[in-house]
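The values are calculated or read from the model by the stated rules, or taken from the named source; none is laboratory data. Computed from a predicted structure; not experimentally measured. Positions of Cβ are generated from backbone atoms using ideal geometry, with glycine treated the same way; all protein chains shown enter the neighbour counts. These accessible areas exclude ligands, DNA and RNA; they are computed on the full protein's heavy atoms, side chains included. Shrake-Rupley method; radii C 1.70, N 1.55, O 1.52, S 1.80 Å.
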Amino acid sequence: MADQPTQRGRVRPAPEHFLTEADIAEVKDGRRDFLRKAFLTASAAMAAPAIVRAEDGDPNILTLPPWTTSLGQPVAARPYGLPSQYEKGLQRRESPGLTRMSQVSVAFTPLQGLFGIITPSGLHFERHHQGWSDIDPSKHRLMVHGTDDGFVKQPKVYTVDDILRLPPVSRMHFIECGANTGMEWGNVAVPTVQYSHGMLSCSEFTGVPLRLILEDCGIDWKKAKYVLAEGADGSSMTRTIPIELVQSDEVLVAYGQNGEMLRPENGYPLRLVVPGVQGVSWVKWLRRIEVGDKPWATKDEAIHYIDLMPDGQHRQYTSTQECKSVITTPSGGQILLDKGFYNISGLAWSGRGKVKQVDVSTDGGINWRRARIEGPVNSKCLTRFNIDWVWDGKPAILQSRAMDETGYVQPSYGQLRAVRGTKSIYHNNAIQSWKVAESGEVSNVQVL
Amino acid sequence: MSRFSKSLTRVAMIALAACATGALADGKYAGVGRAAKPAEIHAWDIDVRPDFKGLRPGSGSVDQGQETWEAKCASCHGSFGESNEVHTPLIGGTTKDDVKTGHVLSLVKGDAPQRSAIMKVATVSTLFDYINRAMPLTTPKSLTNDEVYGLVAYLLNLAEIVPGDFVLSDKNIAEAQARMPNRNGMTTNHGMWPGAPASKGGIGNGGKPDVKNTACMSNCKTEVKVGSLLPVYAETAHGNLAEQNRPVGPVRGKDTSGKAPAEVKPAAQSDNAAATKLANDNGCMACHGVANKIVGPGYNEVAARYKGQADAEAKLAAKVRAGGQGAWGAIPMPPQSQLKDEDIRRLVKWIMSGAKAQ
């Protein structure tokens, strides 16, 4: 390889422009510690004004830091980028004691540190029923057929190659587990918004409307009432989806998430996107769609994901995620550093459409002010809100209350429990309260 | 006939013609997808509906079910489906009276400490479908059709729904359905189904919400009633909140570590850490504690028993690989055939050396 021609067009290395003849001679002689020496000399020079006095100003300004006075790292040092080392606190986390096996568990999104409406893919919440696998996309198949002959004219098998050839759409939607905030039905149970509301994420999904695929198979829209979606994981999780959502073009067979392929934890290579509906219906690792005329009462719609009412009946097929909001900062487990100005920021969403308005109270719900809604405002998508607040150092209770375009207003705990009791586990969309103490400590409380 | 269905008919006719040659006709999306073969649909279409559509013929007795149960299910769910160790109980909380009424009385009275699966499920098809597609947890889809019939029969017998000499089959499963203790315990009268309402042949009330609030802006109430505060134990149960927040910004996370800062030292990935990960990843920790028994013995208990035996590691490795029963109690440990030999060796070494996390 030594006789390989010299690459043309390269920028020439620079040392001869600032090194002395002696330095260059050292390099040529193989005494290559010159750089270290040079650095030490430079450091000594910089350390000279170490007698920076506090009254002169901030040492972070008066003493130049190493990143301002040295060469940084090269491009592609990390071919797949990572967050700053200082951001390592913001990770997906399990809630201790919630489940007994991490394969059948939940990891929550750190909403307390996120901005805007898009959840970074690496922080998207996880919920697996039987563990996750990194599926080889060349071996993955999507099968479409009917419960009987006649629901589709031609049952078909699609490869991932096939699905990626079809005309795609990209849409931003929230996904929320039906059990989000489920630990809080009876009383306060968890300290931070990560654990109270972190089974919530929002991405730009890219995929093919399921309608196109079903039409490609010759679906009989008159006969079809429901589809069953099934995953390729060990649980082969199944859920019943109403045909009307498919016909409306909202349901997607997605492969893209925030510009790249889905993450394995989120269903790589194919998942169903069912906007406005609880996450369990967004079947990951999607391998099969069956078209039929009756719901299936699968395990996750007959034993789990059923809502116990005070009269002892369980509500079955509860799917829509109703309008909800939460203040993400300041929020539980945080401490305000001082009195004075704060931006109260949070998220609002509705499974029935767009968020129309968000009101914020700092006195536990006696008086409310209209928050600023930040764009874009999309249907069935997270919406960011902000509002100014000057903390006077006195105790306060912060709340947000969202209204969606249907006019539905997010209820209080008292209103929700009056109808649904405290044991339903699923679909808790009550107004969240954060108490600010005089110390600046913020904690989770429930206001009725 | 609409233009749409005409074109569909045309697609179908071409498709039929093309199927003979083994290729699918080109519809709107020429060259995309292919016809599914009957054997392929048969392989994947395993779902069973409440009306038993999809149920494949077969049978299994309560006794046969019990045998399969002891070998493959009891390690997690307990011999009688009652275990609360690894998963919530499957059986318990229903009565013979519930079998008559189809309503689980303890749900109505609200006095049940916990809800077992049999208290909730209204449809026997759900039990069959789920066991068949997803159980056992570490080796799903390994049961035969008749084994699934037997297991469902055994569970129904545990819940006193069918007698001990019952043989469940596709012919009599409807009789079992008619005795399910919570068969009348489901309602779809709610506003949270996003499809057609019951009045149009679908589910629910068409999206009408059950709870109503108004967007009152001032003097909305006279007092603030705080119903619940964070319990003290819950504040520290989620680790150090200071480390779960950004180190810059308008707020910081509260230090709930109970320690002075800067005591935290980063751990290197040791052999112990690697083995711990292996044990977590393979679900070992669901049944075995480090020091204590959960379903199976604690690792330290195992190490103590085998200590000093020259062939301890080989013996233990064989047990992990093939499963075992009797050494620690009646509940068998299922075979861990998914593990590589080198991983089994690593786990066994780790167990014998004290099963330390780091």
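Spot the failing condition for B:Ser142; the list is (1) away from every other protein chain (no Cβ under 14 Å); (2) under 21 Å from the mean Cα position of the chain (by Cα), and only one is missed.
Failing condition for B:Ser142: (1).
Please specify each residue of region A:326-344 satisfying the condition of being open to solvent by less than 10 Å² (accessible area, probe 1.4 Å) and more than 9 Å from chain B (Cβ to nearest Cβ).
A:Val326, A:Ile327, A:Thr328, A:Ile344
Could you grab the pairs with beta carbons closer than 7 Å, sequence gap of 6+ or different chains, first residue in region B:325-349 and within 13 Å of B:Lys72 (Cα to Cα) and in a loop (DSSP other than H, G, I, E, B), second one open to solvent by 60 Å² or more (accessible area, probe 1.4 Å) and small (Gly, Ala, Ser)?
Cβ pairs passing all conditions: B:Pro335/B:Ala322.
Among the numbered conditions (1) outside the structural domain of B:Lys120 (by TED's automatic domain parsing); (2) under 18 Å from B:Glu67 (Cβ atoms), tell me where B:Gly204 comes up short.
Looking at each condition in turn, B:Gly204 falls short on (2).
So which residues in region B:178-196 are open to solvent by less than 30 Å² (accessible area, probe 1.4 Å) and more than 20 Å from A:Ser281 (Cα to Cα), if there are any at all?
Across region B:178-196, the qualifying residues are B:Met180, B:Pro181, B:Asn182, B:Gly185.
Let me spell it out: the conditions are (1) more than 7 Å from every other protein chain (Cβ to nearest Cβ); (2) modelled with pLDDT of 95 or more, and A:Gly375 meets all of them except one. Which number is the exception?
(2)
Give me the strands (runs of 3 or more DSSP E) completely within region A:363-448, filtered to those with at least 3 residues that are at negative phi and touching a Pro at 6+ places or on another chain (Cβ under 8 Å), ordered by residue number.
Strands (runs of 3 or more DSSP E) meeting the threshold: A:433-436, A:442-447.
Quick test of your reading of the structure: B:Lys212 fulfils all but one of (1) surrounded by 14 or more Cβ atoms within 10 Å (Cβ to Cβ); (2) touching a Phe, Trp or Tyr at 6+ places or on another chain (Cβ under 9 Å); (3) of a type in the set (Lys, Arg). Name the failing condition by number.
So the condition that B:Lys212 fails would be (1).
What's the total number of residues in region A:158-167 that are in contact (Cβ under 8 Å) with a residue 60 or more places away in the chain and open to solvent by 20 Å² or more (accessible area, probe 1.4 Å)?
Number of matching residues: 1.
Which numbered condition trips up A:Ser84, out of (1) within 30 Å of B:Asp255 (Cβ to Cβ); (2) open to solvent by 80 Å² or more (accessible area, probe 1.4 Å)?
(2)
Give me a count of the residues in region A:395-448 that are in contact with a helix residue (DSSP H, G or I) (Cβ under 9 Å, 6 or more places away or on another chain), within 10 Å of another protein chain (Cβ to nearest Cβ) and closer than 22 Å to A:Cys381 by Cβ.
Selection size over region A:395-448: 6.
Out of all the residues in region A:131-148, is one or more in contact (Cβ under 8 Å) with a residue 60 or more places away in the chain, of a type in the set (Phe, Trp, Tyr) and open to solvent by 10 Å² or more (accessible area, probe 1.4 Å)?
The answer is yes; a qualifying residue exists.
Find the residue count for region A:224-250, including only residues that are over 11 Å from A:Gly292 (Cα atoms) and out of contact with any Leu (no Cβ under 8 Å at 6 or more places or on another chain).
Within region A:224-250, residues that are over 11 Å from A:Gly292 (Cα atoms) and out of contact with any Leu (no Cβ under 8 Å at 6 or more places or on another chain) number 10.
Identify all residues within region B:103-121 that are aliphatic (A, V, I, L, M) and out of contact with any helix residue (DSSP H, G or I) (no Cβ under 9 Å at 6 or more places or on another chain); write none if there are none. Can you show your working first?
To start, the set of residues in region B:103-121 that are aliphatic (A, V, I, L, M) comprises B:104-105, B:107-108, B:112, B:117-119, B:121.
Once the filter is applied, which keeps residues that are aliphatic (A, V, I, L, M) and out of contact with any helix residue (DSSP H, G or I) (no Cβ under 9 Å at 6 or more places or on another chain), region B:103-121 yields only B:Val108.
Would you call B:Val226 at the interface with another protein chain (Cβ under 8 Å from one of its Cβ atoms) and open to solvent by 70 Å² or more (accessible area, probe 1.4 Å)?
When the stated conditions are applied, B:Val226 does not pass them.
Of the residues that make up region B:271-290, is at least one surrounded by fewer than 20 Cβ atoms within 10 Å (Cβ to Cβ), of a type outside the set (A, V, I, L, M, F, W, C) and assigned to a strand (DSSP E or B)?
No.
Of everything in region A:316-362, what is more than 28 Å from B:Glu235 (Cα to Cα), assigned to a loop (DSSP other than H, G, I, E, B) and charged (D, E, K, R)? Give them in sequence order.
A:Glu322, A:Arg352, A:Lys354
Could you please find all residues in region B:117-135 being facing another protein chain (nearest Cβ under 10 Å) and touching a residue at least 60 places away in the same chain (Cβ under 8 Å)?
Within region B:117-135, B:Ile118, B:Met119, B:Lys120, B:Val121, B:Ala122, B:Thr123, B:Ser125, B:Thr126, B:Asp129, B:Asn132, B:Arg133, B:Met135 meet the criteria.
Identify, please: which residue in region B:125-177 is among the aromatic types (Phe, Trp, Tyr) and open to solvent by less than 20 Å² (accessible area, probe 1.4 Å) and is, among those, nearest to B:Cys73 (Cα to Cα)?
Looking at residues that are among the aromatic types (Phe, Trp, Tyr) and open to solvent by less than 20 Å² (accessible area, probe 1.4 Å), I get B:Tyr154.
Evaluate region B:164-171: report whether one residue or more is part of a helix (DSSP H, G or I) and either within 13 Å of another protein chain (Cβ to nearest Cβ) or touching a residue at least 60 places away in the same chain (Cβ under 8 Å) (or both).
no
Return yes when A:Gln357 is in contact with a Ser or Thr (Cβ under 9 Å, 6 or more places away or on another chain) and at the interface with chain B (Cβ under 10 Å from one of its Cβ atoms) and no when it is not.
no
From B:Ser79, B:Ser59, grab the single residue that is over 22 Å from the mean Cα position of the chain (by Cα), more than 12 Å from chain A (Cβ to nearest Cβ), in contact (Cβ under 8 Å) with a residue 24 or more places away in the chain and surrounded by 15 or more Cβ atoms within 10 Å (Cβ to Cβ).
That would be B:Ser59, the only listed residue that is over 22 Å from the mean Cα position of the chain (by Cα), more than 12 Å from chain A (Cβ to nearest Cβ), in contact (Cβ under 8 Å) with a residue 24 or more places away in the chain and surrounded by 15 or more Cβ atoms within 10 Å (Cβ to Cβ).
Looking for whichever is within 14 Å of another protein chain (Cβ to nearest Cβ) and either open to solvent by 30 Å² or more (accessible area, probe 1.4 Å) or more than 21 Å from the chain's Cα centre (by Cα) (or both) here; the options are A:Phe108, A:Phe115. Which one fits?
Among A:Phe108, A:Phe115, only A:Phe115 is within 14 Å of another protein chain (Cβ to nearest Cβ) and either open to solvent by 30 Å² or more (accessible area, probe 1.4 Å) or more than 21 Å from the chain's Cα centre (by Cα) (or both).
Conditions first: (1) within 30 Å of B:Gly110 (Cβ to Cβ); (2) touching a Leu at 6+ places or on another chain (Cβ under 8 Å); (3) buried (at least 23 other Cβ atoms within 10 Å of the Cβ). A:Gly312 passes all but one, so which condition is the exception?
So the condition that A:Gly312 fails would be (3).
Do the conditions hold for B:Ser199, that is, is it open to solvent by 60 Å² or more (accessible area, probe 1.4 Å), among the small types (Gly, Ala, Ser), at pLDDT 95 or above and not in a loop (DSSP other than H, G, I, E, B)?
When the stated conditions are applied, B:Ser199 passes them.
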